[in-house]
Each structure stands twice: as structure tokens, then as C-alpha cells.
Amino acid sequence: MSILSLPPRVGEPGSIQVVMLIYPGVTQLDFTGPLEAFQRVREIRVRLVWKSLDPVTCATLSPDPFRVLP
């Protein structure tokens with residue numbers, strides 16, 4: 001027996017899903033800018049993804065790397 005889960009209706013929180021691919025060397029502003037804008041719309045749920053759950057190192061000029069968890 002399986003339980004069927006229907007997707008949320010348009011207009012409900014999380015009814016639109018945006019998946020953003022992050023990868024080693026990504027410029028942090030390239031995903032945090034759109035992420036900030038998307039999070040202002042309650043219907044949109046954003047996911048950051050990479051091929052593993054390991055921290056992803058962003059491009060940086062500083063000696064201390066900036067890492068993001070997918």
C-alpha cells in the first residue's frame with residue numbers, strides 16, 4: 001500500500017520549487033542574490049544542490065574559503 005502525496009496547489013507556500021546548482025568555485029553572489037529574491041515570495045521553495053552533501057567551496061580572494069552546505 002502506498003500513500004499518494006499530491007503537490008501543493010499554486011499559491012500555497014512551497015508550491016513552486018527552484019533548484020539551484022552550486023559547485024566548487026561558484027561565485028557566492030551568483031546564487032545568494034537570486035536566493036534572496038526568491039525567498040521573498042512565499043510560494044517559492046529554493047533548494048541548493050550538489051552531487052554530495054559535503055561543503056562546497058566558493059570562489060574567493062581571501063585566504064579563508066567560504067563554504068556552503070547544499
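Restricting to region 25-63, count the residues that are in a loop (DSSP other than H, G, I, E, B), surrounded by 13 or more Cβ atoms within 10 Å (Cβ to Cβ) and out of contact with any Pro (no Cβ under 6 Å at 6 or more places or on another chain).
Going residue by residue through region 25-63, those that are in a loop (DSSP other than H, G, I, E, B) are 25-27, 39-43, 50-55, 58-63.
Checking the rest, the ones that are also surrounded by 13 or more Cβ atoms within 10 Å (Cβ to Cβ) come to 26, 43, 50, 55, 58-60.
Those left that are additionally out of contact with any Pro (no Cβ under 6 Å at 6 or more places or on another chain): 26, 43, 55, 58-60.
Qualifying residue count for the region: 6.
If the Cβ limit is 6 Å and pairs must be 6+ apart or interchain, which residue in region 54-70 that is farther than 13 Å from THR32 by Cβ pairs with which residue that is among the hydroxyl-bearing types (Ser, Thr, Tyr) and outside any loop (DSSP other than H, G, I, E, B)?
From region 54-70, the pairs are PRO65/THR57; ARG67/THR57.
How do the pairs read when you match residues in region 27-49 that are over 14 Å from GLU12 (Cα atoms) with residues anywhere that are outside any strand (DSSP E or B) and open to solvent by less than 50 Å² (accessible area, probe 1.4 Å), using Cβ under 6 Å and keeping only pairs 6 or more apart or on different chains?
What qualifies is GLN28/CYS58; PHE31/ILE22; VAL46/LEU35; LEU48/ILE22; LEU48/PRO70; VAL49/PRO70.
The values are calculated or read from the model by the stated rules, or taken from the named source; none is laboratory data. Computed from a predicted structure; not experimentally measured. So basically every Cβ, Gly included, is an ideal-geometry build from the backbone, and we count neighbours across all protein chains shown. Surface accessibility is based on the protein's heavy atoms, side chains included, excluding ligands, DNA and RNA. Shrake-Rupley method; radii C 1.70, N 1.55, O 1.52, S 1.80 Å.
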